[in-house]
Amino acid sequence: MKGFFVTGIGTGIGKTVVSTILTEALQADYWKPVQAGNLNETDTDFVLNNLSNPVSQVHAERYRLNTPASPHQAGEVDGVRMALEDFSLPETEHPIIVEGAGGLMVPINEKDLIVDLIAHLELPVILVSSIYLGSINHTLLSVEALRNRHIHIAGIVFNGPSNPATESIILKHTGLPVILRVNEEEVLDADVILKYAGEVRLGR
């Protein structure tokens, strides 16, 4: 197993928490290709600080950009132009969890989007969804965009308060397996990550 690309139906959907759980569950490596903004407290820092196993390696970002904006805009501010060929998976003997930036249609330059980066890295996707007004539409559109590009979706993760009616319609229309459900937690620390790692249903 080479690994998985964790993407979401939007920004702030819980990709980092889910990526940490998957990294712990698989004793995989973790890599976020682009960090835009929040360089003093990055997603990579969160993962590094909340893993318990001694196997996983956390790889440095390919690009660390100062502006909290879409990668193409943050790169423009920093005088950096990113291209797909700039990205290759870190060398490792472990499976790797790669975390995207925002949703699928976030641009990394004037031409390429995160979904193009996923195709370039040739990893199956784990899609993170969260229940809010409009999330059915956003989830189904994300699945359709991936399937139109023949990108394999390994499954879906629901993050946040459960809504059975919404979840059931998403699963009916997509046919995707549920890899994990993550509840709203007051504290997110290594113990919580470890608890959810034991609940991951991947390839079972």
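The values are calculated or read from the model by the stated rules, or taken from the named source; none is laboratory data. It should be emphasised that the depicted structure is a prediction, and the values quoted were computed from it without experimental measurement. Using ideal geometry, Cβ is built from the backbone for each residue, glycine included, and neighbour counts are taken over all protein chains shown.
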Strands (runs of 3 or more DSSP E) (entirely within the stretch 10-120) containing at least 2 residues that are buried (at least 22 other Cβ atoms within 10 Å of the Cβ): 29-31, 34-36, 96-103
For PRO124, work out the one condition from (1) in contact with a Phe, Trp or Tyr (Cβ under 6 Å, 6 or more places away or on another chain); (2) buried (at least 19 other Cβ atoms within 10 Å of the Cβ) it doesn't fulfil. (2)
Reported set for the stretch 162-204 where residues are within 22 Å of ASP43 (Cβ to Cβ), in contact with a helix residue (DSSP H, G or I) (Cβ under 8 Å, 6 or more places away or on another chain), in contact (Cβ under 8 Å) with a residue 12 or more places away in the chain and in a loop (DSSP other than H, G, I, E, B) is LEU188, VAL200, LEU202
Only listed residue being farther than 30 Å from LYS111 by Cβ and modelled with pLDDT under 95, chosen from ASN40, ASN53, ASN49: ASN40
